[in-house]
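Structure record follows, encoded as structure tokens.
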Amino acid sequence: RGTAFQMLFKMSYSCSKAGDPRPGYPYKGGNFCAFLPDNKEGLKTAKLLKKAFDRGLTFQIKSCNGEERVTWGLIPHKTSWDGGKARNGYPDAQYLHEVGIIL
């Protein structure tokens with residue numbers, strides 16, 4: 001197994017805006033962690049993921065048990081360095097290609 005680097009997203013508590021499930025209501029943030037291989041393709045993917053984050057495409061607000069929460073959006077992220085595709089981890093030989101198409 002190769003080396004990886006970790007991306008950490010800290011989403012703070014705030015109020016939702018127009019287009020969210022319940023505009024004007026508070027939502028809970030959280031810490032979100034994702035992993036990419038520390039190689040040329042992983043670094044290229046990291047730059048694309050940063051652009052998606054800057055454009056507000058990485059996370060979404062969802063209602064869960066009567067409260068609004070920040071959750072991952074539609075762009076898949078590897079949230080574990082191991083466990084395979086079934087556990088959002090590696091090994092997953094197609095991940096960088098598949099997320100690259102989405103991005």
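Computed values, structure above
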quantity	calculated
Accessible surface of the chain, 1.4 Å probe, proportion on carbon and sulfur as whole %	54 percent
Set K44/K78; K28/K62; K28/K85; K51/K78 screened for pairs whose C-alpha atoms are more than 21 Å apart	K28/K85
Protein-only accessible surface order, largest first, of Y27, Y95 at 1.4 Å	Y27, Y95
Accessible area expressed per residue, the chain, with surrounding protein chains retained (probe 1.4 Å, Å²)	67 Å²
Answer label, with Rg/Rh (Cα atoms, Kirkwood Rh) calculated from the coordinates and candidates (i) 1.01; (ii) 0.98; (iii) 1.08	(i)
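The values are calculated or read from the model by the stated rules, or taken from the named source; none is laboratory data. Quick caveat, the model's predicted, so the values are computed rather than measured. The area values use the complete protein model at the heavy-atom level, side chains included, leaving out ligands, DNA and RNA. Shrake-Rupley method; radii C 1.70, N 1.55, O 1.52, S 1.80 Å.
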